[in-house]
């Protein structure tokens, strides 16, 4: 009796990856229409903190200019300058990570105590930046919907999550993590809270058109 190898099985021959996809940048533009520029970003960052049950919220316009020697990619150097920073004392759960990765489809609708528009409001940060990021617990998360700055990203994988506690990421990319050394965070251990970084330098409004 002979067996077909997986490479030559009918499914591998006949089935081609194909499915409905969302144009992420177009979807973000649609979201921004409903979240006008101005104080909306600040309100939404505070709302996110409230949703998470935070008891402390801090906002800061960080004017520091960080080194660009050890970054994940040279193209990220434009985002090592001034940024709007937000801190709250609620640590992300795995459910929170799942929720923030969805646009218009977060898990908030199953939680009566949480307000906001199903997490869509977080995306108002794209009024100010092309590369928002945040750190909570063991992880730093960076979103790159255009796939223009982070290494090895595409329309199906428009961002990165890095465990900076359990890996040697900090030793390889120390400059990349410097913007988060604020609000008592040293990036040497898990962050007891949630810090959002919205770089305002390097933002190209023409990318939205």
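Read-outs: derived from the displayed coordinates by stated rules, not from any lab. This one's a predicted model, so the numbers in the text were calculated from it and none came from an experiment. Because the Cβ atoms are built from the backbone with ideal geometry, glycine has one as well, and the counts that use them run over all protein chains shown.
Quick notes on this structure:
- Computing FRET efficiency as 1/(1 + (r/R0)^6) for residue 128 and residue 163, where r is the C-beta to C-beta distance and R0 is 25 Å, gives about 0.40.
- Shape of region 17-92, Cα gyration tensor, a/c cut at 1.5: oblate
- Sorted fewest first by neighbouring Cβ atoms within 10 angstrom, 189, 43 come out as 189, 43.
- The mean sequence distance of close C-alpha pairs (under 8 Å, at least 6 residues apart), as a share of the length of region 20-100, puts its relative contact order at 31 percent.
- Average projected area [Cα convex hull, region 39-208], square nanometres: 9.4
- Extending 7 Å from Cα along the Cβ direction at residue 155 and again at residue 59 yields two label points whose distance is 3.6 nm.
- By the beta-carbon count within 10 Å of each Cβ, the least crowded to most crowded order of 55, 167, fewest first, is 55, 167.
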